[in-house]
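The values are calculated or read from the model by the stated rules, or taken from the named source; none is laboratory data. Treat the numbers as computed from the prediction; the structure is a model and nothing was measured. Cβ placement follows ideal geometry from the backbone for every residue including glycine, while neighbour counts extend to all protein chains displayed. Note: areas computed on protein heavy atoms with side chains; ligands, DNA, RNA excluded. Shrake-Rupley method; radii C 1.70, N 1.55, O 1.52, S 1.80 Å.
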Amino acid sequence: MASNKGDGGFQRVGPDGPTGYSMSHQSADDGGSIGCCGYVLYFLSLIVIVCTFPFSLCLCMKVVQEYERAVIFRLGRLVSGGAKGPGLFFIIPCMDSYTKVDLRTVSFDVPPQEVLTRDSVTVAVDAVVYYRVQNATMSITNVEDSNRSTRLLAATTLRNVLGTKNLSEILSERESISHLMQSSLDEATDPWGVKVERVEVKDVRLPVQLQRAMAAEAEAAREARAKVIAAEGEQKASRALKEAADVITESPAALQLRYLQTLNTISAEKNSTIIFPLPIDLLQSFLPKGSQKTSM
């Protein structure tokens, strides 16, 4: 079973009581033991502060903003009690040094990374990462520069994640890739006291030749679909014409009405030439008998 203890870390509790501490909290507990020389310097500093009062308050009183925390080291050891702030806190000159940590969310752009996908396509991908420091003590004691380390880790994670994806997956599954990167980064930066809140893939740049090939492929696919649609339209039109022919066959007068409608349409266009259809049945009486038998 584990129980929280302050801002610095946690204490593991076993059946027989405490069994150990995390690295940051162990440093905090050791901060109270500064040795004989440390206690001598401590009392000398107090004497100097009392003798120079109230001018010494300018060096002893420090203020941090609402979004900041101060991690204090006394003779190189982490002071127990975790990070200080927000507001007013006191330090002992010549013994204490402190570092301010900003707890606000920070965003940065991941530089474009040349990635070789699983289907052997080289693409350039960039992203944006949002993170914040959730434990000021761990961000100072467990890593040299949490900001720079998070940036380098984000670039490496982007290459590793995209290297396991196909080009089609990178283009169509950006949201799942972003969630996978966020979980990987959050797990890796947790010992540093950093919380990765959001990761977004910004742009995927393809080589020019690949863009042309994909454009040609898309154009060919569109032309194929257009031909299929045109063929389906011709098929439906032929069926409609067949049904119309069956109707006209049953009623010969319908053919004459169709002739008259065609003439009306031609005359409405103000053409100088008028085509008048002449039924072949009227010409059969003028044809020779041999021609009639041939035509029959």
Return yes or no: is Ser168 closer than 22 Å to Pro112 by Cβ, within 23 Å of the chain's Cα centre (by Cα) and hydroxyl-bearing (Ser, Thr, Tyr)? yes
Do we have Ala253 as open to solvent by 60 Å² or more (accessible area, probe 1.4 Å), among the hydrophobic types (A, V, I, L, M, F, W, C) and modelled with pLDDT under 85 here? yes
Restricting segment 134-159 to residues that are without any contact (Cβ under 8 Å) to a residue 12 or more places away in the chain and assigned to a helix (DSSP H, G or I), the one least open to solvent (accessible area, probe 1.4 Å) turns out to be Thr156
Subset tally (residues that are more than 22 Å from Lys195 (Cβ to Cβ) and in contact with a helix residue (DSSP H, G or I) (Cβ under 8 Å, 6 or more places away or on another chain)) for segment 88-125: 14
Pairs, first more than 13 Å from Ala136 (Cβ to Cβ) and open to solvent by 30 Å² or more (accessible area, probe 1.4 Å) in segment 57-76, second assigned to a strand (DSSP E or B) and of a type outside the set (Ser, Thr, Tyr), C-beta under 6 Å, six or more apart: Lys62/Phe89; Val63/Leu88; Arg74/Asp96
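Hey, could you check segment 80-114 for residues that are acidic (Asp, Glu) and without any contact (Cβ under 8 Å) to a residue 40 or more places away in the chain and say which is least open to solvent (accessible area, probe 1.4 Å)? If you could, list the steps in order and put the result at the bottom.
Restricting attention to segment 80-114, the residues satisfying the condition of being acidic (Asp, Glu) are 96, 102, 109, 114.
Narrowing the set further to residues that are without any contact (Cβ under 8 Å) to a residue 40 or more places away in the chain leaves 96, 102, 114.
Numbers: Asp96: 21, Asp102: 56, Glu114: 128 Å².
Across segment 80-114, the extreme among qualifying residues is Asp96.
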With respect to the numbered conditions (1) open to solvent by 50 Å² or more (accessible area, probe 1.4 Å); (2) within 30 Å of Asp102 (Cβ to Cβ); (3) modelled with pLDDT of 85 or more, which one is the sole condition not fulfilled by Val196? (1)
